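Peer 1: One structure, as structure tokens, below. Some questions next.
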Amino acid sequence: MKVLLLGLGGMLGTDMGLELGRRGHDTVIPPISELDITDPASVAKIAAGELGRFDWCVNCAAYTLVDKAEAEQQLAYEINALGPSYLAKICALSGIRLLHVSTDFVFDGEGERPYVEDDPTKPLGCYGRTKWQGEQAVLEGHSNAIIARTAWLYGPNGNSFPRTMIRAWEAGKTLRVVGDQIGSPTYTGDLARVLTDMIEKNAFPGIYHTAGPDAMNWCEFAQIAVDEWATLTGKPALDKIEAIKTEDWPTPTKRPKYSVLSFEKTASLGIEPMRSTREAVVEFCHRLQELQAATA
């Protein structure tokens, strides 16, 4: 298939491009200078065929700085809501299926069991609100679109939570990590596989949850990342990381306390769940080490 992939250089965009390429799909990944989703004239290039003709458009472009979004609300809105609205309309007009990536932050985190796709949304801050607005714009603008919500995304290409924990540990810092927020860590390599599966299966339009299979808190996630990095690099294992409460680590944006996502609807398409967090982190660490060696 011919795929237009947006989000060049991002964690997910990088792995999505690799996965599509491995499977033999003809993928065009334009830089923002060539296609800016916040500029309607730029997005119109899709309908004009200036970038080629496509079966699918995959939108991995997003404003993801959760705390900074509170101070840059207009920019977050333009990238997360306005841009997807332009994309949805142009793709619908052009007969291109759209797969748009969203987030667990559309929920308030007050649930006590994994969220399913039709659970009520209630974002807590600007980031979640603009992503929710983007979802609504896509659903309204393109009747054949797919929205793939994910959570706690991490990958070797860019800054991510496990990478931050590894850096802090290597710098000799004492690690104190929030232990009362629970979510689903999702590795970009595995998510790219699931999203490509959805494209190849020509999934029914609508919202799908596409996150990792394990429910854990940030402290547990940090422990896995540091443990596996220590094993890979041959360094002494770290003693247990100290778990702290959310109020002990205040942030500008309130985080959902519980944002585990159910994979059942996606699995009903015949798509295999992602690997366990520990299995995925092992691969993440190997790739991170290779990147560090290549740039040393």
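Peer 1: Long-range amide H contacts for L99: which residues qualify at under 5 Å (H placed 1.01 Å from N, peptide plane, sequence gap of 5 or more or a different chain)?
Peer 2: Amide H neighbours of L99, under 5 Å, 5+ apart: C57, V58, N59, I146.
Peer 1: For M16, M11, what ranking results if the residue with the fewest other Cβ atoms within 10 Å of its Cβ goes first?
Peer 2: Lowest count first: M11, M16.
Peer 1: Where a Cα-Cα gap under 25 Å defines reach, which lysines qualify for K201, not counting those fewer than 8 residues away within the same chain?
Peer 2: Reachable lysines: K2, K89, K265.
Peer 1: Hey, another quick one. For the peptides 69-78, 51-60, 183-192, 83-92, what is the packing order when you average, over each peptide's residues, the other Cβ atoms within 10 Å and list the highest mean first? Show your work: numbers first, answer last.
Peer 2: Values: 69-78: 16.6, 51-60: 20.0, 183-192: 26.0, 83-92: 23.9.
Those peptides, ordered most packed to least, come out 183-192, 83-92, 51-60, 69-78.
Peer 1: Could you estimate the translational diffusion coefficient of the chain from the Stokes-Einstein equation, with Rh from the Kirkwood formula over C-alpha pairs, at 10 °C and 1.306 mPa s, in whole µm²/s?
Peer 2: 81 µm²/s
Peer 1: Another question, if that's okay. Once the other residues with Cβ under 12 Å from the Cβ of E112 are scored (Lys, Arg +1; Asp, Glu -1), what is the net sum?
Peer 2: Numbers: positive: R113, K257; negative: E110, D119.
Residues near E112 contribute 0 overall.
Peer 1: Sort T233, T14, T295 so the one with the fewest other Cβ atoms within 10 Å of its own Cβ comes first.
Peer 2: Ascending Cβ contact count within 10 Å gives the list T295, T233, T14.
Peer 1: Can you compute the helix-only [θ] at 222 nm over the chain? Use -39500 (n - 2.57) per DSSP H run of at least 4 residues, normalise by all residues, nearest 500 deg cm²/dmol.
Peer 2: Counting only the DSSP helices, I get -12000 deg cm²/dmol.
Peer 1: What is the local net charge at L35, summed over the other residues whose Cβ is closer than 14 Å to its Cβ (Lys, Arg +1; Asp, Glu -1)? All intermediate terms of the calculation are to be shown ahead of the outcome.
Peer 2: Values: positive: K45; negative: E34, D36, D39, E50.
Spelling it out: positives minus negatives among the neighbours equals -3.
Peer 1: A further question follows. Would you tally the net charge around R275, using a Cβ to Cβ cut-off of less than 10 Å, leaving R275 out, and scoring K and R as +1, D and E as -1?
Peer 2: -3
Every number in this text was worked out from the coordinates using simple rules, so none of it is lab data. Fair warning: this is a prediction, and the values are worked out from it, not measured in the lab. Here Cβ is always computed from backbone atoms with ideal geometry, including for glycine, and neighbour counts include all displayed protein chains.
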